[in-house]
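The structure appears below as structure tokens.
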Amino acid sequence: MAEDVKDCIFCQIVAKKIPAFRIYEDERSLAFADINPLAEGHVLVIPKNHAVNLMEITPGDLAAVHQASQKVATALMKAFKPGGITMLQLNGLGANQVVMHYHVHLIPRNRPKDGLTILEWEAKPGDMKAIEKMYKKLIEAF
């Protein structure tokens, strides 16, 4: 189960119990500098209300986080002039989510010279029978 809100580091940042380099804030969302940046300008955008992941966040908070992400991404492009921005969002321990509070990473990129190979992959043609099997399983889940 999810960690208690009082133990959530991001909830403590929202409550100003832990300092952060706050970059953007509105009624529902907060953006701050990642203290373990993958690149200059790496920012996290979170909902102020605690939600563990994409499956738990309310639609309004999800929209607020992504609207804030758009504003922060625009500022990142202006400030750092990267070739692009990777937007990364992880859900659950199996996906390497470390802080169990919904958050979006905005990472300015200048590939390939930035060396962030972890964020690189090549598209490979899929097995259409396997894709169809996945499709049917997913449709059943709805």
Count of residues meeting criterion [loosely packed, with under 14 Cβ neighbours inside 10 Å and β-branched (Val, Ile, Thr)] in region 71-87: 1
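Listed here are the residues, each with its yes/no results for (1) among the basic types (Lys, Arg); (2) modelled with pLDDT of 95 or more; (3) over 18 Å from Ile107 (Cα atoms); (4) surrounded by fewer than 19 Cβ atoms within 10 Å (Cβ to Cβ).
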site	(1), (2), (3), (4)
Lys17	yes, yes, yes, yes
Tyr24	no, yes, no, yes
Leu30	no, yes, no, no
His50	no, yes, yes, no
Met55	no, yes, yes, yes
Thr58	no, yes, yes, yes
Condition test on Ala68, is it of a type in the set (A, V, I, L, M, F, W, C), in contact with a Phe, Trp or Tyr (Cβ under 7 Å, 6 or more places away or on another chain) and in contact (Cβ under 8 Å) with a residue 12 or more places away in the chain? yes
Any residue that is over 20 Å from Phe21 (Cβ atoms), modelled with pLDDT under 90, of a type outside the set (S, T, N, Q) and surrounded by 15 or more Cβ atoms within 10 Å (Cβ to Cβ) - is there at least one of those in region 62-70? no
With the condition kept exactly as written, say whether any residue in region 99-118 is in a helix (DSSP H, G or I) and more than 15 Å from Tyr24 (Cβ to Cβ). yes
Under 9 Å by Cβ, and 6 or more places apart or on different chains, what pairs join a residue from region 47-59 that is free of Cβ contacts under 8 Å to residues at least 40 places away in the same chain with one that is surrounded by fewer than 18 Cβ atoms within 10 Å (Cβ to Cβ) and among the acidic types (Asp, Glu)? Lys48/Glu25; Lys48/Asp26; Lys48/Glu27
Filter result for Ile46 (hydrophobic (A, V, I, L, M, F, W, C), more than 12 Å from Ala31 (Cα to Cα) and either surrounded by fewer than 17 Cβ atoms within 10 Å (Cβ to Cβ) or under 16 Å from the mean Cα position of the chain (by Cα) (or both)): no
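The values are calculated or read from the model by the stated rules, or taken from the named source; none is laboratory data. Everything quoted here is computed from the prediction, not taken from an experiment. When we count neighbours, we look across all protein chains shown, and the Cβ atoms used for this are built from the backbone with ideal geometry, even at glycine.
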